[in-house]
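Since the structure comes first, as structure tokens, the remarks are kept for the end.
The values are calculated or read from the model by the stated rules, or taken from the named source; none is laboratory data. As the structure is a prediction and not an experimental result, all values here were calculated from the model. Every residue, glycine as well, gets a Cβ built from its backbone with ideal geometry; the counts of neighbours run over all protein chains shown. For the accessible areas, the whole protein counts, side chains as well, though only heavy atoms, and no ligand, DNA or RNA atoms are used. Shrake-Rupley method; radii C 1.70, N 1.55, O 1.52, S 1.80 Å.
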Amino acid sequence: MKRRKHQKFRSRGGIRLPAAITLCLALSLLIFSRAGGEPIAQKALTGLARNSGFVTRAMALEFGVSPEDTAEVYTPRTAAAARDEQAENPLAESTYVPSSDTENDNPVLSAADKAATVSINNETSYDVDAADCLAADEHFSADGDGPQVLIYHTHSSESYTPDAAFPYTPTETERTTDTNYNVVRVGDELQKVLEGNGIEAVHIREIFDSPVYTGAYDRSLAVVEDTLAEYPSITTVIDVHRDSILTDDGRAYKTSCTINGEETAQLMLVVGTDDGGLYHPDWQENLNRAASLQYRLNRTYPTLMRPLNLRTQRFNQHATHSAFLVEVGSSGNTMTEALKGIRLFGEVLSAELTT
């Protein structure tokens, strides 16, 4: 990771000349303007504002450093634009920026033990409280006949670090349209676990983000709405993704934990809101249900889940009252680790739906 370098600044004595020049110019323009030359003065000011040397000296006067001094400006990598619903190019999924200085091949980014608790990473303007969400006593349920769960993938081509078990060649960085090696394969595994526990699930295996990334959420929403109309028995909708968390030099982290002696990809529930201006009046119900599921997951597998993430985007979750997005590992994880994580998640989700 990139460390911030400390810069020794010169004393204010080093800025006397630029300060004097700046003040003289300002005084001259003020006198000239009051003498009737305001249009010319305005033009001169515009020119100065575009002059990098003048601006540098003005900043030197303001901050007390010599214009000859140079300092590294530290700008940490962020993914604040992550998962923009109309993004033209694939961006990092997470807004979490690692703070570790460790640099390894696929270094591990592990969440703290959140056993029996629910932590919400709130990126919205709303005040939310995990205790209030749990007190609402809302949870997912699977009642009646017909399919109960819908699984799909807005960013279907998201894939993982190849390993011996899944030695694929990406069609682009950390992405492939081959459903044996992308998140569609993870969705297959989730469907298998649910149906093994008696919960019928529909899995949309369509690729929505390739060859064109822009509009993936619009395309997936249209199919989700058609599927919900076809199967009104569906109570829970899950958009399965994989995260992407990078070091400053572009290397991938893996979100990892050890469960039953095996390295396993961590997961993260993402809940959307209407804070970004899109229609989604019942987002609080989704949040309450996600909090209930997170609580059960944390009690069963204390290190499996990262904190629940509340976002300004809605992520198609307005389509139903029980919808969420789940990040299964990161691009630094292997498919093997992702499959281990989704199996554990599927077992707990099955219990949540049937008890």
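Here are the numbers for this structure:
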quantity	calculated
Pair list, Cβ under 8 Å, 6 or more apart: the range 225-241 residue more than 16 Å from GLY187 (Cα to Cα), other residue open to solvent by 40 Å² or more (accessible area, probe 1.4 Å) and not in a loop (DSSP other than H, G, I, E, B)	none
Members of the range 290-302 that are open to solvent by less than 40 Å² (accessible area, probe 1.4 Å) and within 22 Å of ARG343 (Cβ to Cβ)	ALA290, SER292, LEU293, GLN294, LEU297, ASN298
Complete set of residues in the range 214-239 that are among the small types (Gly, Ala, Ser) and assigned to a helix (DSSP H, G or I)	ALA216, SER220, ALA222, ALA229
Set LEU325, LEU310, LEU339: member being among the aliphatic types (A, V, I, L, M) and more than 12 Å from the chain's Cα centre (by Cα)	LEU339
Odd one out for LEU246, checked against (1) more than 20 Å from SER156 (Cβ to Cβ); (2) open to solvent by 10 Å² or more (accessible area, probe 1.4 Å); (3) in contact with a helix residue (DSSP H, G or I) (Cβ under 8 Å, 6 or more places away or on another chain)	(3)
Qualifying residue in the range 225-239 (condition: of a type in the set (Phe, Trp, Tyr) and under 16 Å from GLU327 (Cβ atoms))	no
Test result for SER141, at pLDDT below 95 and either surrounded by fewer than 16 Cβ atoms within 10 Å (Cβ to Cβ) or in contact with a His (Cβ under 9 Å, 6 or more places away or on another chain) (or both)	yes
Qualifying residue in the range 170-182 (condition: surrounded by fewer than 16 Cβ atoms within 10 Å (Cβ to Cβ), modelled with pLDDT under 95 and part of a strand (DSSP E or B))	yes
Single residue of LEU287, LEU310, LEU349 found to be under 24 Å from GLN191 (Cβ atoms) and in contact with a strand residue (DSSP E or B) (Cβ under 9 Å, 6 or more places away or on another chain)	LEU349
Condition check for ASN298: at pLDDT 95 or above, polar (S, T, N, Q) and either in contact with a Leu (Cβ under 6 Å, 6 or more places away or on another chain) or over 19 Å from PHE208 (Cα atoms) (or both)	no
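Let's see how each residue does on (1) open to solvent by 20 Å² or more (accessible area, probe 1.4 Å); (2) modelled with pLDDT of 95 or more; (3) of a type in the set (Lys, Arg):
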position	(1), (2), (3)
PRO307	yes, no, no
THR312	yes, yes, no
HIS318	yes, yes, no
LEU325	no, yes, no
GLY329	no, yes, no
PHE345	no, yes, no
SER350	no, yes, no
